[in-house]
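One structure is given below, encoded as structure tokens.
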Amino acid sequence: MGDNRPIGIFDSGIGGLTVAKAIHDLLPNEQLVYFGDTAHFPYGDKSPESIELYSEKISDFLLTQNCKAIVIACNTASSLGGKKVLEVLPSDITLVDVITPVADFFKSTKSEVAGVIATKGTVGSGVYRKSINKVNPKVEVQSLATPLLASMIEEGFFNNTISATVISEYLSHEILKDIDTLILGCTHYPIIETEILNYYKQCSKSIRVLNSAKIVAEEVKRRLISKNMTTDNKGVGNHHFFVSDFTNSFEESTKIFFGDQLRLEKLNLWK
Ligand code: DGL
């Protein structure tokens, strides 16, 4: 019973796996098709035109996989490529981006100053300020581009002295000094959430850290249930993980999320 078609998810690399894992934890019966566009990583430094092109091409591919929903599990692609994806999707396909559900969180929050750390592309688009102020104009939004973080994580540098130094350098930035909430505005960052929490603990600062992966997974669940599109067919099939280029570090890092069962398939959509 229900809708057995898979949920398509994409990002530039492993970051979207934080969202994929959160969706899997909330909706364990759902089959996932994941596309990591490692050939074009990092998205954060690319032009809006390139991001639109990548987002459109990957969405087309996910549609060929018969996906019932597409989750843009990348803040950069959500801010710069989201509109394009919406244009090419048939209206019966559910589209979830990673920014709107986080902005909606501010409808009913006591937060006065929110900080966003994200890629240059996301920060440059001003999308968090616009989206949050649309639902709550009282919240002041301060954004800081933190371009080293995604590459550091993609290369497997976390929970070590290098990551601690980079995190401390960014989070001690003047622009973030008055914040009460920190939005992890890149889907790679939940991987270093504990290190970020430790940084604030060491500074004796009480900052709420928003992990968008869980918030987005809840939105996916809510949207699918409202359209009667979940499946109750346990084990509809294995998940599929595609990458546009293969790297060992990517494969190692992906195992953190789905264990050894994870097999990556290389698929170059740009041949
Ligand atoms: N994970 C991506 C995001 O949420 C981007 C990382 C990158 O490719 O620069 O923005």
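State yes or no: is LYS83 among the basic types (Lys, Arg), within 11 Å of the ligand (Cβ to nearest atom) and surrounded by fewer than 24 Cβ atoms within 10 Å (Cβ to Cβ)? Taking the combined requirement at face value, the residue does not satisfy it. Selection of segment 6-19 for residues being within 12 Å of the ligand (Cβ to nearest atom) and either outside any helix (DSSP H, G or I) or of a type in the set (Gly, Ala, Ser) (or both) yields ILE9, PHE10, ASP11, SER12, GLY13, ILE14, GLY15, GLY16.
How many residues, within segment 183-214, are within 16 Å of the ligand (Cβ to nearest atom), in contact with a helix residue (DSSP H, G or I) (Cβ under 7 Å, 6 or more places away or on another chain) and not hydroxyl-bearing (Ser, Thr, Tyr)? Please lay out each step first, then the result.
Of all residues in segment 183-214, those within 16 Å of the ligand (Cβ to nearest atom) come to 183-193, 196, 209-214.
Now narrow it down to the ones that are in contact with a helix residue (DSSP H, G or I) (Cβ under 7 Å, 6 or more places away or on another chain): 183-192, 196, 209-214.
Narrowing the set further to residues that are not hydroxyl-bearing (Ser, Thr, Tyr) leaves 183-186, 188, 190-192, 196, 209-211, 213-214.
Residues flagged as within 16 Å of the ligand (Cβ to nearest atom), in contact with a helix residue (DSSP H, G or I) (Cβ under 7 Å, 6 or more places away or on another chain) and not hydroxyl-bearing (Ser, Thr, Tyr) within segment 183-214 amount to 14.
The residue that is surrounded by the fewest Cβ atoms within 10 Å (Cβ to Cβ), among those in segment 31-70 that are among the charged types (D, E, K, R) and not in a loop (DSSP other than H, G, I, E, B), is GLU49.
Looking at THR100, THR161 in this structure, which one is open to solvent by 40 Å² or more (accessible area, probe 1.4 Å), of a type in the set (Val, Ile, Thr) and within 16 Å of the ligand (Cβ to nearest atom)?
Working: THR161 fails: within 16 Å of the ligand (Cβ to nearest atom).
That would be THR100, the only listed residue that is open to solvent by 40 Å² or more (accessible area, probe 1.4 Å), of a type in the set (Val, Ile, Thr) and within 16 Å of the ligand (Cβ to nearest atom).
Can you name the residue in segment 140-158 that is away from the ligand (no atom under 14 Å from the Cβ), at pLDDT 95 or above and open to solvent by 40 Å² or more (accessible area, probe 1.4 Å) and, of all such residues, is nearest to LEU184 (Cα to Cα)? The extreme case among them is GLN142.
Scanning segment 164-182 for residues that are surrounded by 19 or more Cβ atoms within 10 Å (Cβ to Cβ) and out of contact with any helix residue (DSSP H, G or I) (no Cβ under 9 Å at 6 or more places or on another chain) yields one hit, ILE179. What's the number of the only condition in (1) assigned to a strand (DSSP E or B); (2) more than 22 Å from THR18 (Cβ to Cβ); (3) of a type outside the set (Lys, Arg) that THR165 fails to meet? Of the numbered conditions (1) assigned to a strand (DSSP E or B); (2) more than 22 Å from THR18 (Cβ to Cβ); (3) of a type outside the set (Lys, Arg), the odd one out for THR165 is (1). Residue-level check: of (1) within 25 Å of THR64 (Cα to Cα); (2) open to solvent by less than 30 Å² (accessible area, probe 1.4 Å); (3) within 16 Å of the ligand (Cβ to nearest atom); (4) not β-branched (Val, Ile, Thr), GLU219 misses just (2). Against the conditions (1) away from the ligand (no atom under 16 Å from the Cβ); (2) over 20 Å from GLU219 (Cα atoms), LEU62 satisfies every one except (2).
The values are calculated or read from the model by the stated rules, or taken from the named source; none is laboratory data. Every value quoted in this text rests on a predicted model; they were computed, and no experiment measured them. Neighbour counts are summed over all protein chains in view; Cβ atoms, including those assigned to glycine, are modelled from backbone coordinates with ideal geometry. Surface areas here come from the heavy atoms of the whole protein model, side chains and all, with no ligands, DNA or RNA. Shrake-Rupley method; radii C 1.70, N 1.55, O 1.52, S 1.80 Å.
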